[in-house]
Amino acid sequence: MRPHAGTPAARLALRAVWLVLLLAALLVGGLLPVPAAHATDRPPAQIALTSVTPVVAGPTAEVKVSGRITNVGDRPITYLTARLHVLRDRLGTRFELESWLRGDGPTGPVEGRTVDLYLPDSPGLRPGDSVPFTLTLNQVQLGLTGAAFGSYGLAVEARGQVEGPRTDVGLVRTALVWAPGDERYVPQQVSWLVPFTGPLGGVRAGDPTLQQVAAAVEPGSRLRHLLEAASAPSVGWAVDPALLRTLADASGQTSSGATSPATTAPTSSGVSTPESETTSGTPTTSASPTVSPTDADDLARAEIRDFLTAMRKAAHGRTVLELPYGDPDVQAVADAGQPQLLHGANALGAGTVQEVLGVPAATDVAWPAAGWADDRALQALSGDDTTAVVLDSRSRPLTDPLGYTPDARAELPYHLQGWLFDAPLSGLASQVRSGDALTLQRVLAHTAALTTERPGLARRLLITLPRGADPDPAAFRTLVAAVAAAPWVTTVAPADLRQALPRGDTSSLQRRPVSPPTTVATTAISTRDVLATHDLRSDLAALAEVLTSPAEVTLALQRSALGLLSCEWRGHPSELAARRAAVTKQVHALVGRLHVLPTRANFLATNASLPFTVANGLDQTVTGLRLKVTAPNPRLEVRQDLTDPFDVAAGTRVRVQVPVRAIAAGRVSLTAQLVTPSGRELGDAVSVQVRTQPPGTWVMWVVAAAVGLVLLVGLVRAVRRPRRKVVVPHATSGETDDGTPT
């Protein structure tokens, strides 16, 4: 039904129509802006700074800023100009500096210099093209004469015409450090720490081959870049012993550098033998069509030896931290309640740095993944002779924040020291690239702003690279050198963080734990993964108990099992599952070579010994082994459920007698389990089928059978015996025919 014109519904509908018509008129008339379909938040021009000279400005030199402007939009930019701005107000704190860099801070009154890049009548900068620029400011234009030491905002602005009026098309912000020469401050102390961790060549699914190990350290590789960058003076190292062990074993060298007589890549460290080194016949891989597999392997080992030689040379004279073997995920292990796995990783990796690199290493410093660890993880670390933990400064902020950046040293729960790396500076250090002046200027500006926060107080900064970093060696070394050359900074070794500051020590101030970012919390390996590794380690430890030389048999798989806990598995669950399945298969195959043979037996006694056969398929004699036998069925009673210790020679079998007692007749399924001297179960339990027949029953049946047999024989003989004939005598005198005497 149509609403009547006078009803409330009709009036409401009429008002809605008038509102729509009015809005349409405003849009058509241009009174309201219409958003363009192609509108985007990204500016059409991107500005990159290639150089700022000098990197630290002073009162006697002009400042030259060079860079390139790239059109990243989809339309030409005409009438393009570049303008350089310098703030006159000092950014006296890191908070002010970061606000300026984010674009939150005030622009302030600036003096600038503009250069025309495209005149109004030129075609302009086409999409995808770039144009260089250079802007120079003399001392008058710079306008900082008489200003105090510190960081001052610097920006390059691009203006041009895309469509409509001319407007801003791009902006980049950085900072310039002004050092007039009359500074009054105490220099700050900066330490650098670089991790040598990660899978070789990105191989996670299995052990890397000799060729893959060589490719992981050849020129241009990530590890080669890392070594070249970390060879800068005073840069500390944190080294995973698993990485060194793989390189050393694959190189065919001893720790002293002498060539090993081995001709194939060892597999005890996780280096698999490629198909070209097997005895299967025709090789399937080679370095090139004209290079034999042997030549290719020699070249690979030479490449690895060259890398290790350079690493040994660069390691001398610097702080080296030895991480636990495999660089385990500390937080994941703690969450699973298995801190003993961290102890095992520490023990397995101990001494590897000294053996391979020939330099002493600190073994009491832990570095959790991404620098985040809660109190439970710290408690797990505290029981393993760990005294210091490298953490992200954001993970342990002060409960009552200070107005300046505190020292990098902090006291943590469980009597641990915290070495808190500076998150903003560490992030910048990992981004530095050749031809990028922006990052270098920002790092210097941060250190200068930190100094002006408290000019009379020295503090320490720790700058790190993340795990898996692939730095630009030249750019990183330039950054380290520029920071070291800054007069307001001195470079110190990371080990100096062990000592509290003599003045202004903030290490004892209360700090609070903070939940990690989502990318850190959700990528950790699971509790299930940790528990699976614990089970594998337990199986190998049980086997090692009974071996005369356990390292020769179990060491390789102990390393492989601990490798399943590595931080490098974060974010790679499917690859971890495949690797765990492969290691589990290898462990079970090794442990299964020592086993009880499954058998069937008939037991016809009441009290006697039941024989079991134990086979040793290993290359070593096992000692102190015992056999545990259980009978869940009451028909059979095991009188000694745990046997006396016995030995089994390599490649042989032994019979083990277990005293039992039969209670009743029937079938019984016994469970036989090998046990180590400490009581650990070794391998899988074996089921042994026994048919019992106690003498109390079978003797009775035998006697009954004998009696029955006698009766049967008698009956047969009675039936078959011939019947006797009865003889009747004839009648004689004195008798009548009826027998009456005559």
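The values are calculated or read from the model by the stated rules, or taken from the named source; none is laboratory data. The model shown is predicted, which means the values in this text are computed figures rather than measured ones. Here the Cβ is made from the backbone with ideal geometry for all residues, glycine too, and neighbour counts use every protein chain on show. All accessible areas refer to the heavy atoms of the entire protein, side chains included, with ligands and DNA or RNA removed. Shrake-Rupley method; radii C 1.70, N 1.55, O 1.52, S 1.80 Å.
If we scan the range 413-427, do we find a residue that is at pLDDT below 95, acidic (D, E) and either within 26 Å of the chain's Cα centre (by Cα) or not in a strand (DSSP E or B) (or both)? No, the range 413-427 has no match at all. For the range 174-186, the criterion of being polar (S, T, N, Q), in a strand (DSSP E or B), surrounded by 17 or more Cβ atoms within 10 Å (Cβ to Cβ) and within 45 Å of the chain's Cα centre (by Cα) is satisfied by at least one residue.
Within the range 517-555, being in a loop (DSSP other than H, G, I, E, B) and at pLDDT 90 or above holds for I525, S526, V546, T548, S549. Within the option set R433, R442, R467, being basic (K, R) and in a helix (DSSP H, G or I) holds for one residue only, R442.
R90 satisfies every condition listed in (1) within 41 Å of the chain's Cα centre (by Cα); (2) at pLDDT 90 or above; (3) more than 18 Å from I47 (Cα to Cα) except (1). Counting only strands (runs of 3 or more DSSP E) that sit completely within the range 58-173, those holding 2 or more residues that are open to solvent by less than 80 Å² (accessible area, probe 1.4 Å) and within 21 Å of H446 (Cβ to Cβ) correspond to 63-71, 78-91, 150-161.
In the set (1) within 18 Å of A248 (Cα to Cα); (2) in contact with a Ser or Thr (Cβ under 8 Å, 6 or more places away or on another chain); (3) open to solvent by 30 Å² or more (accessible area, probe 1.4 Å); (4) not acidic (D, E), the condition left unmet by A302 is number (2). Residues that are out of contact with any Ser or Thr (no Cβ under 6 Å at 6 or more places or on another chain) and more than 20 Å from S395 (Cβ to Cβ): does the range 511-521 have at least one? Among the residues of the range 511-521, not one is out of contact with any Ser or Thr (no Cβ under 6 Å at 6 or more places or on another chain) and more than 20 Å from S395 (Cβ to Cβ), which makes the answer no.
Against the conditions (1) surrounded by fewer than 16 Cβ atoms within 10 Å (Cβ to Cβ); (2) touching a residue at least 40 places away in the same chain (Cβ under 8 Å); (3) closer than 14 Å to A369 by Cα, T522 satisfies every one except (2). In the range 629-658, the residue that is nearest to A608 (Cα to Cα) out of those that are modelled with pLDDT under 85 and assigned to a strand (DSSP E or B) is V658.
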